[in-house]
Every structure is written in C-alpha cells, then in structure tokens.
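Student: Next up is a structure, given as structure tokens.
Please treat every number below as a calculation from the coordinates, not as lab data. Treat the numbers as computed from the prediction; the structure is a model and nothing was measured. FYI the Cβ positions are ideal-geometry reconstructions off the backbone, even for glycines, and counts take in every protein chain you see.
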Amino acid sequence: MHLNALKEYDEEIYNAIQAEKERQMNGIELIPSENLVSQAVLEAMGSIPTNKYSEGYSHKRYYAGNEIIDTIEDLAISRAKELFGAEHVNVQSLSGSPANMAMYFALLEVGDKFMGMDLSMGGHLTHGSPVNFSGQLYKPIAYGVDKETEMLDYDAIKKMAQEEKPKLLLSGFTAYPREIDFKAFREICDDLGIYCCADIAHIAGLCAGGAHENPVPYFDVVTTTTHKTLRGPRSAMIMCKEEHAKAIDKAVFPGLQGGPHDHITAAKAVAFKEALEPSFKEYASQIVKNSKALADTLTSEGLRLVSGGTDNHLMLVDVRNKGINGKTAAIALAKAEIYCNKNTIPYDPGTPWEPSGIRIGTPVLATRGMKETHMDEVGKFISQVLSDPENDSALEKVRGDVREFCKQFPFYK
Ligand code: DSN
C-alpha cells in the first residue's frame, strides 16, 4: 500500500494504519460481517470524488459540476441492478442502519406495526430492538427460532403474522446460520397483502454469487450493506420494485441524508464489477464450503453448534460445555490472534454482554484463499484455545502457530 504522503505528514496515523494492516494479516479473522476489500476498491475509496457535493440524484443535482459523478453513480446503479436483478437501486445509502431506516420511512408511518427477528435470536438492532429507533418509532413484533431445532419455523411466523397483522414482514439476519426460505416469507406476505422486505447485509455476496437464494427480484424492498460477503466498501444500498423507487429515494435524500459519499459510490461500483466476474461465484461457493468444513471440525472437536451446523457463511458456537461463556471465549481467542465476536444463542440464559456463544464465519478466510482443507487447522486452533482459555502460555503457543499458518495466505502487500 502506498501511503507516502500520509507517512510524511502524519506518522502517528500512518503507523496505526500499518499496525492494523499487520494485525489483519497476522491473525485469523472469523468475524462473519467483516471482509478484505481489493486494492482496486481501496483505491477508489481513497479518491478525489470525496471532494464533491452532489445532493440530488443522477442528472438532477442541486450543485453544479456533477456530470462525472453522475457517470460514477449510474455505473454503480446499473452494475447493482445486473448483479441482483433489481428494478431500482439507491446506492446513496450510507450504511446498514440508515438503509433500514429509509426502508421504514418509505413504507411505514410512525407507530405502524412490523415484524422482524428478535435481536437475541439473530436479528439486528434495526429489526425492532427497543433500544433502537426501529423499536421506538414503530411497533415491532419479534419472531424467533424454534426452541428445539433452533431454526426458523415458517408456520409459526405465518401464524404470528396472521394474528398480529403487521404492515411489513422483514427477513434477513445477523446471526442465523441457515439458508432462509425467502419464498416462504413472500407467500406469507402475499396471503396478508403486506410488504415483504429483507435485510440481506450478511448474505448479499452469497445471493450475488448464486450460493444462496436471491430475494431481490420478488421482494418489495431489500437492503444490504456492501462490505460484508459482498466485499465492497463500508456502505449500503437499497434495492426495490419500481413502484417503491420514488418513496425509497425520497426517504434517503432529502429524508435522511445530505450529500452522498461519491468516492464510496465509486468503490461500490468497483466492488459490483468484481462481483459480476465469474470468479465471484467461486468465491461465494468457497465461503459456504469453508463454513461447512469448519463446522464439521468444530463438531468433531466436541463443540455444539446452534442448529447443528451451517448453510451459509457463519455459525454460532455454544461454548458452555467448555465451562466458559462467549465473552471468555472471544477474549481467549483474541489472545491467540483469532478474532470472533461473543454472541447470544437462541433462548440464551446469559446476557448480551456475557452470552453463551461466539459467532464465527469464513468470508475473510475465503478471500485470503483458504479452502476446505485448511479449515481443519483453523478448527483445531479454535478448539485448542477453548479447551484451555486461561492458560496464557498455551495461548501464546497457538498465537505463534496461527501467525505461521497465516503467512501462507498473504493479501495486502
Ligand atoms: N454489526 C454487524 C454485524 O456484525 O453483524 C451488523 O450490522
């Protein structure tokens, strides 16, 4: 990475950025919402469209000099449409939470009822949590997973929707390890005549790469971040049916945002071009293959996985049979330079701060070129740490092995 001007002008920030790069390269990154962007995406993010103001939309701006920004935004939109089969795309949304806010603003009135997944079962804060605007401005009804199978029970969701009569049913999760039956959600919404929406932030890359069902062509509104499995810059977009295009665009600007971040729009366009390459299909499929292989190793190491396994990029590991909670597990793993996040599991007797599980995933591993065969080693590193989490010298030994292992998979120069 060439950061020459930065190095010369601000050594403290330069050194911190270099140290973060080293950390990312030395360790095993298992946080399923993270990824590593390409050099081309990085370059677009650090480019001069950042200097521009361009309130409004392509070819209808409130500031002069936006003809080239229009080209950038048009390219991002047309590539996103092609990638997901979307009728309309808003690429100005700044991040996942504002994208969901725009979706609610466009389709609901304050005080309306909608159904989303409980945060503690795998939903997101913006799916109706009481501590979030989505739970404060609207009346959220939370559904969860079945207590036995720890999977979505579509009949139960349907029954709840029939009883509660929400105006909108939201699918899409941050900690659900199974493939979502989007068609089942569509059927429930069709029966009740309600909006059918999804937040596919976690699985967007899997949907784009054909490794997972893509709901965009037949859902009303689908939001996503662009930086998770989609492997783009830290941002978001909203895809919808043409009939909702005006309301979505109005909700984003002027409803919620001012000037779009044009350098990030450029980087999104680059990421979408990458995701349209045939190699992205292999990438999406490799994420899932790695995830299943890692799940197999962890299971054979005696760890319990929520729902018994995974169909996507992530899994939830219930660490209680190691006599620890998710917080202790995540801290011990980080000492060995293996990064994950503590996470609640369905019907967790613990708290969000000290939950019973950890959430791990494989998007970064696949980006670094790891295959199923490497997952055995990754799983065994995890198992070694969780079997002896208080033993600092054992963790130090795993850390050394992890560093050696990671040297095989360089990414940033
Ligand atoms: N914070 C993200 C995650 O880690 O899943 C969701 O926005």
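Student: Exactly which GluC sites (Glu not before Pro) in region 103-194 are in a DSSP loop and have at most 11 other Cβ atoms within 10 Å?
Tutor: Within region 103-194, the qualifying GluC sites (Glu not before Pro) (loop, at most 11 other Cβ atoms within 10 Å) are GLU109, GLU148.
Student: Filter the DSSP H helices in the chain by two things, a Kyte-Doolittle mean of at least 0.5 and an axial alpha-carbon span of 18 angstrom or more, and list the hits by number.
Tutor: Length and hydropathy pass: none found.
Student: Quick check: from the Cα gyration tensor, does region 181-307 come out rounded (a/c under 1.5), prolate or oblate?
Tutor: On the way: a/c = 2.22, a/b = 1.37, b/c = 1.62.
Verdict is oblate for region 181-307.
Student: By average Cβ neighbour count within 10 Å, what is the ranking of 153-161, 232-240 from highest down? Please list the in-between numbers first.
Tutor: Numbers: 153-161: 16.1, 232-240: 26.0.
Averaged packing, sorted descending, gives the order 232-240, 153-161.
Student: Take the alpha carbon atoms of region 274-304, find their center, do the same for region 208-271, and report the distance between the two centers in whole angstrom.
Tutor: What the calculation gives is 25 Å, centre to centre.
Student: Percent of Cα-Cα pairs per 5 Å bin, from 0 to the last occupied bin, for region 269-339, please list those.
Tutor: 3, 15, 17, 19, 17, 10, 9, 7, 2, 0
Student: Would you work out which of TYR14, LEU169, VAL91 lies farthest towards the positive end of the dipole of the chain? Charges go on Cβ: Lys and Arg +1, Asp and Glu -1.
Tutor: TYR14
Student: Another question about this same structure. Magnitude of the Cβ-charge dipole of the chain, K/R +1 and D/E -1, about the Cα centre, nearest 20 debye?
Tutor: For this selection, approximately 200 debye.
Student: Here is a follow-up. Considering amide H positions built from the backbone, and no H for Pro or chain starts, which residues 5 or more places from LYS113, or on another chain, come under 5 Å of its amide H?
Tutor: Those qualifying (amide H under 5 Å, at least 5 residues apart or on another chain) are LYS139, LYS167.
Student: With a sphere of radius 14 Å drawn around the Cβ of GLU404, what net charge do the other residues whose Cβ falls strictly inside it have (Lys, Arg +1; Asp, Glu -1)?
Tutor: Every neighbour counted, the sum reads +1.
Student: What number comes out for the charge environment of THR71, summing +1 per Lys or Arg and -1 per Asp or Glu over other residues with Cβ under 13 Å away?
Tutor: Net charge around THR71: -2.
Student: Just flag the chymotrypsin sites (Phe, Trp or Tyr not before Pro) in region 329-392 sitting in loop per DSSP whose Cβ has no more than 14 other Cβ atoms within 10 Å.
Tutor: Taking region 329-392 and a limit of 14 other Cβ atoms within 10 Å, the loop chymotrypsin sites (Phe, Trp or Tyr not before Pro) found are TYR347, TRP353.
Student: Give the peptides 198-207, 217-226, 31-40 in descending order of average Cβ contacts within 10 Å, highest first.
Tutor: 198-207, 217-226, 31-40
Student: Also: Quick one: Karplus J couplings for region 49-66, per residue in order, coefficients 6.51, -1.76, 1.60, θ = phi - 60°, nearest Hz, x for Gly and Pro?
Tutor: Couplings: x, 4, 7, 9, 9, 8, 3, x, 10, 3, 6, 8, 10, 8, 10, 7, x, 9 Hz.
Student: So, one more: Could you work out [θ]222 nm for the chain from helices alone, using -39500 (n - 2.57) per DSSP H run of at least four and dividing by all its residues? Round to the nearest 500 deg cm²/dmol. Don't skip to the answer; put the middle values down first.
Tutor: Details: 16 runs with 181 residues, N = 413.
So the calculated ellipticity at 222 nm is -13500 deg cm²/dmol.
Student: Shifting gears a bit: Indicate the gyration tensor shape class of the chain (rounded, prolate or oblate), computed on the Cα atoms with a ≥ b ≥ c the square roots of the eigenvalues: a/c under 1.5 is rounded; otherwise a/b larger than b/c is prolate and the rest oblate.
Tutor: Oblate, since a/c reaches 1.5 and b/c is not below a/b.
Student: Once you sort the root eigenvalues of the Cα gyration tensor of region 2-48 as a ≥ b ≥ c, which label holds: rounded (a/c under 1.5), prolate (a/b larger than b/c) or oblate (the other case)?
Tutor: In terms of gyration-tensor shape, oblate.
Student: Ok, one more. For the pair TYR9/ALA184, report the inter-label distance in nm, with labels modelled 7 Å from Cα in the Cβ direction.
Tutor: 5.4
Student: Exactly which GluC sites (Glu not before Pro) in region 295-401 are in a DSSP loop and have at most 13 other Cβ atoms within 10 Å?
Tutor: Hits after loop and neighbour filter: GLU390.
Student: With each label point set 7 Å from Cα along the Cα-Cβ vector, what nm distance links GLU67 and GLN39?
Tutor: 3.3
Student: May I ask what percent, to the nearest 5, of DSSP beta bridges between residues of the chain are antiparallel?
Tutor: Antiparallel: roughly 55 percent of the beta bridges in the chain.
Student: Then there is this: So, R0 is 30 Å and r is the distance between the beta-carbons of LYS335 and HIS2; what FRET efficiency does that work out to, to 0.05?
Tutor: E(calc), rounded to 0.05, equals 0.35.
Student: Once both labels are modelled 7 Å past Cα along the beta-carbon direction, what's the ALA16-GLU396 spacing in nm?
Tutor: 2.9
Student: Kindly write out, for region 218-229 in residue order, the coupling ³J(HN,Hα) from the Karplus curve 6.51 cos²θ - 1.76 cosθ + 1.60 (θ = phi - 60°), rounded to whole Hz, with x marking Gly and Pro.
Tutor: Karplus-based 3J(HN,Hα) across region 218-229 equals 10, 9, 5, 9, 10, 9, 7, 7, 10, 10, 8, 4 Hz.
Student: Which net charge results when you count Lys and Arg as +1 and Asp and Glu as -1 among the other residues whose beta-carbon is under 15 Å from that of ALA394?
Tutor: Here the charged neighbours net out to -1.
Student: Now a separate question. Determine the dipole magnitude for region 1-67: charges of +1 sit on the beta-carbon of Lys and Arg, -1 on that of Asp and Glu, nothing else is charged, the reference point is the Cα centre, and the result goes in debye to the nearest 20.
Tutor: Computed charge dipole of region 1-67: roughly 360 debye.
Student: A follow-up question, please. So how long is each side of region 81-167 along the principal axes, counting just the alpha-carbon atoms, biggest first, in Å?
Tutor: Its Cα atoms span 40, 31, 23 Å along the three principal axes.
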